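Presented below is the structure to which this report refers.
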Amino acid sequence: MGSKILITGAKGQLGTELAHLLPDAVLTDMPELDITNKEAVNRFVKEHKIETVINCAAYTNVDKAEEDEEKARAVNVTGPAHLAGTGCRMIHISTDYVFDGTGFQPYTPADKTHPLSVYGKTKRLGEEAVLMQSTRALIIRTAWLYSSHGNNFVKTMRRLGAERETLNVVCDQIGSPTYAADLAAAIVQILPRPDAYQNKIYHYTDEGVCSWYDFAREIMEMSHLKCCVQPILSADYPTKAKRPFYSVLSKEHIKKDFGIQIPHWTNGLKRCIKLLEENK
(Lines give C-alpha, C1' and ligand atoms only; values in the text may rest on other atoms or scores of the structure.)
Protein backbone atom coordinates (compact mmCIF):
# COMPACT_ATOMS: atom_id res chain seq x y z
CA MET A 1 0.00 0.00 0.00
CA GLY A 2 2.91 2.31 0.93
CA SER A 3 3.49 5.18 -1.47
CA LYS A 4 0.05 4.91 -3.04
CA ILE A 5 -1.48 6.94 -0.19
CA LEU A 6 -1.75 10.71 -0.37
CA ILE A 7 -2.23 12.75 2.81
CA THR A 8 -3.43 16.30 2.15
CA GLY A 9 -3.16 18.89 4.92
CA ALA A 10 -0.14 16.90 6.12
CA LYS A 11 1.24 19.75 8.26
CA GLY A 12 -1.93 19.99 10.36
CA GLN A 13 -2.58 18.19 13.64
CA LEU A 14 -4.12 15.06 12.17
CA GLY A 15 -1.92 15.05 9.06
CA THR A 16 1.22 15.13 11.21
CA GLU A 17 0.03 12.18 13.30
CA LEU A 18 -0.88 10.20 10.17
CA ALA A 19 2.52 10.94 8.64
CA HIS A 20 4.19 9.29 11.68
CA LEU A 21 2.08 6.16 11.22
CA LEU A 22 2.31 6.03 7.40
CA PRO A 23 5.97 6.80 6.64
CA ASP A 24 5.60 5.83 2.96
CA ALA A 25 2.65 8.12 2.28
CA VAL A 26 2.95 11.09 -0.08
CA LEU A 27 2.56 14.22 2.06
CA THR A 28 1.22 17.51 0.74
CA ASP A 29 0.09 20.80 2.15
CA MET A 30 0.10 24.26 0.67
CA PRO A 31 2.18 25.07 -1.42
CA GLU A 32 3.02 21.55 -2.74
CA LEU A 33 -0.56 20.92 -3.83
CA ASP A 34 -3.42 23.39 -4.13
CA ILE A 35 -6.48 21.16 -3.78
CA THR A 36 -8.72 23.98 -5.06
CA ASN A 37 -7.03 23.64 -8.49
CA LYS A 38 -8.64 20.72 -10.34
CA GLU A 39 -5.91 20.32 -12.98
CA ALA A 40 -3.18 20.37 -10.34
CA VAL A 41 -5.01 17.69 -8.30
CA ASN A 42 -5.55 15.38 -11.30
CA ARG A 43 -1.97 15.80 -12.46
CA PHE A 44 -0.52 15.15 -9.00
CA VAL A 45 -2.62 12.02 -8.42
CA LYS A 46 -1.67 10.63 -11.85
CA GLU A 47 2.06 11.41 -11.52
CA HIS A 48 2.32 9.83 -8.08
CA LYS A 49 0.02 6.88 -8.95
CA ILE A 50 -2.12 7.63 -5.88
CA GLU A 51 -4.74 5.01 -4.99
CA THR A 52 -6.08 6.38 -1.68
CA VAL A 53 -6.45 9.98 -0.53
CA ILE A 54 -6.77 10.90 3.16
CA ASN A 55 -8.03 14.48 3.07
CA CYS A 56 -7.05 16.34 6.25
CA ALA A 57 -6.87 19.70 4.46
CA ALA A 58 -9.49 22.16 5.72
CA TYR A 59 -10.15 25.80 6.44
CA THR A 60 -10.65 25.50 10.21
CA ASN A 61 -10.54 29.06 11.57
CA VAL A 62 -14.18 29.07 12.67
CA ASP A 63 -14.50 32.79 13.44
CA LYS A 64 -12.42 34.01 10.49
CA ALA A 65 -14.54 31.91 8.12
CA GLU A 66 -17.49 34.21 8.89
CA GLU A 67 -15.71 36.98 6.94
CA ASP A 68 -13.81 34.77 4.54
CA GLU A 69 -16.58 32.56 3.18
CA GLU A 70 -15.09 32.40 -0.32
CA LYS A 71 -11.81 30.91 0.88
CA ALA A 72 -13.54 28.57 3.37
CA ARG A 73 -15.77 27.33 0.56
CA ALA A 74 -12.82 26.81 -1.80
CA VAL A 75 -10.87 24.70 0.72
CA ASN A 76 -13.80 22.91 2.41
CA VAL A 77 -16.05 22.27 -0.62
CA THR A 78 -14.25 22.70 -3.95
CA GLY A 79 -11.01 21.02 -2.83
CA PRO A 80 -12.66 17.84 -1.47
CA ALA A 81 -14.81 17.66 -4.64
CA HIS A 82 -11.66 17.73 -6.82
CA LEU A 83 -9.98 15.02 -4.70
CA ALA A 84 -13.09 12.83 -4.80
CA GLY A 85 -13.34 13.35 -8.55
CA THR A 86 -9.97 11.66 -9.15
CA GLY A 87 -11.60 8.27 -8.69
CA CYS A 88 -9.23 7.34 -5.82
CA ARG A 89 -10.53 5.71 -2.66
CA MET A 90 -10.96 8.53 -0.19
CA ILE A 91 -11.13 9.15 3.53
CA HIS A 92 -12.44 12.66 4.14
CA ILE A 93 -12.38 14.32 7.55
CA SER A 94 -15.38 16.38 8.66
CA THR A 95 -16.68 17.93 11.86
CA ASP A 96 -19.29 18.06 14.64
CA TYR A 97 -20.06 21.63 13.46
CA VAL A 98 -22.42 20.19 10.83
CA PHE A 99 -24.94 19.90 13.71
CA ASP A 100 -26.67 22.79 15.51
CA GLY A 101 -26.05 21.31 18.96
CA THR A 102 -29.65 21.67 20.16
CA GLY A 103 -29.91 17.91 20.76
CA PHE A 104 -29.28 16.18 24.07
CA GLN A 105 -28.20 12.70 23.00
CA PRO A 106 -25.17 11.70 20.92
CA TYR A 107 -25.60 12.53 17.24
CA THR A 108 -25.56 9.55 14.87
CA PRO A 109 -24.33 9.84 11.26
CA ALA A 110 -27.97 9.58 10.13
CA ASP A 111 -29.16 12.56 12.21
CA LYS A 112 -30.26 15.68 10.37
CA THR A 113 -27.52 18.27 9.94
CA HIS A 114 -28.12 21.96 10.57
CA PRO A 115 -24.84 23.92 10.72
CA LEU A 116 -24.87 27.33 12.44
CA SER A 117 -21.64 28.81 11.06
CA VAL A 118 -19.93 29.35 7.71
CA TYR A 119 -17.34 26.78 8.76
CA GLY A 120 -20.05 24.22 9.58
CA LYS A 121 -21.98 24.97 6.39
CA THR A 122 -18.91 24.64 4.15
CA LYS A 123 -17.89 21.39 5.86
CA ARG A 124 -21.38 19.98 5.31
CA LEU A 125 -21.32 21.05 1.64
CA GLY A 126 -17.90 19.39 1.40
CA GLU A 127 -19.36 16.11 2.64
CA GLU A 128 -22.11 16.32 0.04
CA ALA A 129 -19.60 17.14 -2.72
CA VAL A 130 -17.45 14.13 -1.82
CA LEU A 131 -20.44 11.78 -1.81
CA MET A 132 -21.59 13.19 -5.15
CA GLN A 133 -18.20 12.93 -6.88
CA SER A 134 -17.06 9.59 -5.51
CA THR A 135 -18.40 6.07 -5.20
CA ARG A 136 -15.54 4.98 -2.93
CA ALA A 137 -15.47 7.48 -0.11
CA LEU A 138 -15.56 7.26 3.67
CA ILE A 139 -16.30 10.36 5.71
CA ILE A 140 -15.26 10.62 9.36
CA ARG A 141 -16.66 13.44 11.48
CA THR A 142 -14.62 14.29 14.53
CA ALA A 143 -14.64 17.00 17.22
CA TRP A 144 -12.50 19.01 19.65
CA LEU A 145 -9.25 17.88 18.04
CA TYR A 146 -5.92 18.60 19.73
CA SER A 147 -2.36 17.25 19.56
CA SER A 148 1.20 18.09 20.53
CA HIS A 149 1.57 19.91 17.16
CA GLY A 150 0.17 23.20 15.89
CA ASN A 151 -2.21 25.50 17.73
CA ASN A 152 -4.99 24.02 19.84
CA PHE A 153 -6.92 24.35 23.08
CA VAL A 154 -4.55 22.16 25.13
CA LYS A 155 -1.46 24.15 24.18
CA THR A 156 -3.25 27.48 24.65
CA MET A 157 -4.51 26.49 28.12
CA ARG A 158 -1.05 25.33 29.18
CA ARG A 159 0.50 28.60 27.99
CA LEU A 160 -2.13 30.79 29.68
CA GLY A 161 -2.15 28.58 32.78
CA ALA A 162 1.57 29.21 33.23
CA GLU A 163 1.11 33.00 32.82
CA ARG A 164 -2.06 33.68 34.81
CA GLU A 165 -3.59 32.99 38.19
CA THR A 166 -7.16 32.69 36.91
CA LEU A 167 -8.83 31.89 33.59
CA ASN A 168 -12.46 32.01 32.47
CA VAL A 169 -13.63 29.13 30.28
CA VAL A 170 -17.11 28.40 28.91
CA CYS A 171 -18.99 25.66 30.76
CA ASP A 172 -22.13 25.37 28.60
CA GLN A 173 -20.64 23.79 25.46
CA ILE A 174 -20.46 20.01 25.74
CA GLY A 175 -18.46 17.61 23.61
CA SER A 176 -15.66 15.01 23.50
CA PRO A 177 -12.00 16.08 23.31
CA THR A 178 -10.15 14.00 20.71
CA TYR A 179 -6.42 13.37 20.65
CA ALA A 180 -5.37 13.48 16.98
CA ALA A 181 -3.05 10.50 17.51
CA ASP A 182 -6.06 8.36 18.50
CA LEU A 183 -8.03 9.38 15.40
CA ALA A 184 -4.96 8.74 13.23
CA ALA A 185 -4.61 5.22 14.69
CA ALA A 186 -8.29 4.52 13.94
CA ILE A 187 -7.86 5.73 10.34
CA VAL A 188 -4.82 3.49 9.85
CA GLN A 189 -6.85 0.54 11.16
CA ILE A 190 -9.67 1.27 8.67
CA LEU A 191 -7.40 2.12 5.71
CA PRO A 192 -6.73 -1.40 4.34
CA ARG A 193 -10.32 -2.58 4.73
CA PRO A 194 -11.84 -2.96 1.24
CA ASP A 195 -15.34 -2.82 2.78
CA ALA A 196 -14.69 0.65 4.21
CA TYR A 197 -15.23 2.71 1.06
CA GLN A 198 -18.98 2.64 0.60
CA ASN A 199 -19.88 6.33 0.67
CA LYS A 200 -20.82 6.19 4.35
CA ILE A 201 -20.40 8.70 7.12
CA TYR A 202 -18.91 7.66 10.47
CA HIS A 203 -18.21 9.48 13.73
CA TYR A 204 -14.99 9.28 15.75
CA THR A 205 -14.08 11.12 18.93
CA ASP A 206 -12.40 9.87 22.07
CA GLU A 207 -14.80 8.39 24.65
CA GLY A 208 -16.40 10.43 27.40
CA VAL A 209 -18.08 13.82 27.55
CA CYS A 210 -17.18 17.14 29.18
CA SER A 211 -17.44 20.93 28.86
CA TRP A 212 -14.57 23.18 27.77
CA TYR A 213 -14.37 24.22 31.44
CA ASP A 214 -13.96 20.60 32.59
CA PHE A 215 -11.39 20.06 29.85
CA ALA A 216 -9.41 23.14 30.92
CA ARG A 217 -9.41 22.07 34.57
CA GLU A 218 -8.10 18.62 33.63
CA ILE A 219 -5.35 20.23 31.51
CA MET A 220 -4.24 22.37 34.47
CA GLU A 221 -4.27 19.43 36.84
CA MET A 222 -2.33 17.08 34.54
CA SER A 223 0.15 19.90 33.75
CA HIS A 224 0.60 20.67 37.50
CA LEU A 225 -0.38 24.31 36.94
CA LYS A 226 -1.86 26.31 39.82
CA CYS A 227 -4.09 28.46 37.58
CA CYS A 228 -7.70 28.59 38.82
CA VAL A 229 -10.20 27.92 36.02
CA GLN A 230 -13.58 29.62 36.44
CA PRO A 231 -16.76 28.66 34.58
CA ILE A 232 -18.53 31.25 32.41
CA LEU A 233 -21.44 31.05 29.96
CA SER A 234 -21.01 31.34 26.19
CA ALA A 235 -23.11 34.51 26.39
CA ASP A 236 -20.30 36.06 28.46
CA TYR A 237 -17.74 35.22 25.79
CA PRO A 238 -19.25 36.27 22.44
CA THR A 239 -17.60 34.96 19.25
CA LYS A 240 -18.25 35.82 15.59
CA ALA A 241 -19.39 32.28 14.74
CA LYS A 242 -22.14 30.44 16.58
CA ARG A 243 -20.99 27.16 18.06
CA PRO A 244 -23.08 24.08 18.83
CA PHE A 245 -23.86 23.80 22.55
CA TYR A 246 -24.01 20.00 22.47
CA SER A 247 -21.94 18.15 19.90
CA VAL A 248 -21.38 14.71 21.34
CA LEU A 249 -21.04 12.19 18.48
CA SER A 250 -22.16 8.55 18.61
CA LYS A 251 -19.29 6.18 17.74
CA GLU A 252 -21.46 3.06 17.72
CA HIS A 253 -21.13 2.45 13.93
CA ILE A 254 -17.36 2.88 13.65
CA LYS A 255 -16.81 0.56 16.63
CA LYS A 256 -19.19 -2.08 15.28
CA ASP A 257 -18.10 -2.01 11.62
CA PHE A 258 -14.33 -1.85 12.19
CA GLY A 259 -13.84 -3.25 15.70
CA ILE A 260 -12.14 -0.06 16.86
CA GLN A 261 -11.27 0.33 20.56
CA ILE A 262 -11.58 3.98 21.56
CA PRO A 263 -9.68 5.41 24.56
CA HIS A 264 -11.25 7.83 27.05
CA TRP A 265 -10.39 11.48 26.42
CA THR A 266 -8.50 11.77 29.72
CA ASN A 267 -6.23 8.94 28.55
CA GLY A 268 -5.47 10.77 25.30
CA LEU A 269 -4.85 14.02 27.19
CA LYS A 270 -2.41 12.30 29.55
CA ARG A 271 -0.37 10.97 26.60
CA CYS A 272 -0.40 14.32 24.81
CA ILE A 273 0.75 16.25 27.89
CA LYS A 274 3.52 13.71 28.55
CA LEU A 275 4.75 14.33 25.00
CA LEU A 276 4.56 18.12 25.41
CA GLU A 277 6.54 17.89 28.68
CA GLU A 278 9.21 15.71 27.02
CA ASN A 279 9.52 18.12 24.08
CA LYS A 280 9.82 21.28 26.16
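The values are calculated or read from the model by the stated rules, or taken from the named source; none is laboratory data. Since this is a predicted model, take the numbers as computed values, not measurements. In this analysis, Cβ positions are derived from the backbone assuming ideal geometry, glycine residues included, and neighbour counts consider all displayed protein chains. Calculation scope for accessible area: heavy atoms of the full protein, side chains included, ligands and nucleic acids excluded. Shrake-Rupley method; radii C 1.70, N 1.55, O 1.52, S 1.80 Å.
Using the alpha-carbon atoms, what tilt in degrees (0 to 90, nearest 10) does helix 265-278 show relative to the longest principal axis of the chain?
Orientation of helix 265-278: about 90 degrees from the principal axis.
If I stretch the segment between residue 30 and residue 172 completely, what's the gain in nm (0.36 nm per residue apart, minus their alpha carbon distance), one decimal?
That pair, residue 30 and residue 172, stretches by 47.5 nm at full extension.
Could you check how many percent of all C-alpha pairs in the chain are farther apart than 33 Å? Can you show the working numbers first?
Details: 7409 of 39060 pairs.
Value for the chain: 19 percent of Cα pairs lie more than 33 Å apart.
Taking only protein heavy atoms into account and a 1.4 Å probe, give the accessible area per residue of the chain in Å². Kindly include the intermediate steps, with their values, before the conclusion.
Numbers: 13210 Å² over 280 residues.
In whole numbers, the chain has 47 Å² accessible per residue.
Using alpha carbons only, how many degrees (0 to 90, rounded to 10) separate the axis of helix 153-163 from the longest principal axis of the chain?
Value to nearest ten degrees: 30.
Over the chain, what relative contact order in percent results from Cα pairs under 8 Å that are six or more residues apart?
21 percent
To the nearest 0.05, how large is the calculated FRET efficiency for residue 110 and residue 221 if R₀ is 45 Å and r is the Cβ-Cβ distance? Please report the intermediate quantities before stating the final value.
Values: r = 37 Å, r/R0 = 0.82.
The pair residue 110/residue 221 has a calculated efficiency of 0.75.
Fully extended, how many nm does the chain gain between residue 267 and residue 198 (0.36 nm per residue separation, minus their Cα-Cα distance)?
Details: separation 69, 0.36 × 69 = 24.84 nm, distance 3.14 nm.
My answer for the length gained is 21.7 nm.
Just order 90-98, 225-233, 25-33 by mean Cβ neighbour count inside 10 Å, highest at the front, would you? Walk me through the numbers on the way to the answer.
On the way: 90-98: 25.7, 225-233: 15.0, 25-33: 17.6.
Highest-to-lowest ranking by the protection proxy: 90-98, 25-33, 225-233.
Using 30 Å as the Cα-Cα cut-off, could you pick out the over-long pairs in 123/274; 112/255; 155/240?
Numbers: 123/274 32 Å; 112/255 21 Å; 155/240 22 Å.
Correct reply: 123/274.
Taking the highest mean first, how do the peptides 147-154, 117-124 order by number of other beta carbon atoms within 10 angstrom per residue?
Numbers: 147-154: 18.9, 117-124: 24.4.
Going from most to least packed, we get 117-124, 147-154.
Could you name the lysines whose alpha carbon sits less than 17 Å from that of residue 46, not counting residues in the same chain fewer than 8 places away?
Excluding near neighbours in sequence, the set is 4, 38.
Any idea how far apart residue 102 and residue 136 come out in nm if each label point goes 7 Å out from Cα toward Cβ?
4.1 nm
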